[in-house]
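Chemist: Okay, here's the structure, questions in a sec.
Every read-out reported here was derived from the displayed coordinates using simple, explicitly stated rules and does not represent laboratory data. Not measured: the values here are computed from a predicted model.
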Amino acid sequence: SKKKAMQADVYTRVLKGPSAHKWMSESKGLHKEMIEETIEKIRGGLEKVGIEHGHLHENNFVLVFDQDPEGNPDINKPPHVYAIDFDQAESSPPLNQ
């Protein structure tokens, strides 16, 4: 609603995967460009909807890889990138209002 404050239900789950920081420092650049682009899209999306994370650094982005038939991470495919740790997050009206 544009007229009054809103509340949102928040759901959590455990993500199994390395942080973007750990991956970038140990993977020799595998999927680096895609991960960096996705991180910037997430940052921009949060800003657009008026969410200030509070401490959004590379350790607060987790990479989740698809699994191969044996259940192992398939690092040949680019990972899904998620922002985590929203305990300090605050929201305000979106920038385009």
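Chemist: Contour minus end-to-end for Leu15 and Asn59, with contour as 0.36 nm per residue of separation and end-to-end as the Cα-Cα distance? Could the numbers behind the result be given before it?
Modeler: Working: separation 44, 0.36 × 44 = 15.84 nm, distance 1.32 nm.
Full extension from Leu15 to Asn59 adds 14.5 nm.
Chemist: Which residues' amide hydrogens lie under 5 Å from the amide hydrogen of Ser91, considering only partners 5 or more residues apart or on another chain, with H built in the peptide plane?
Modeler: Glu52
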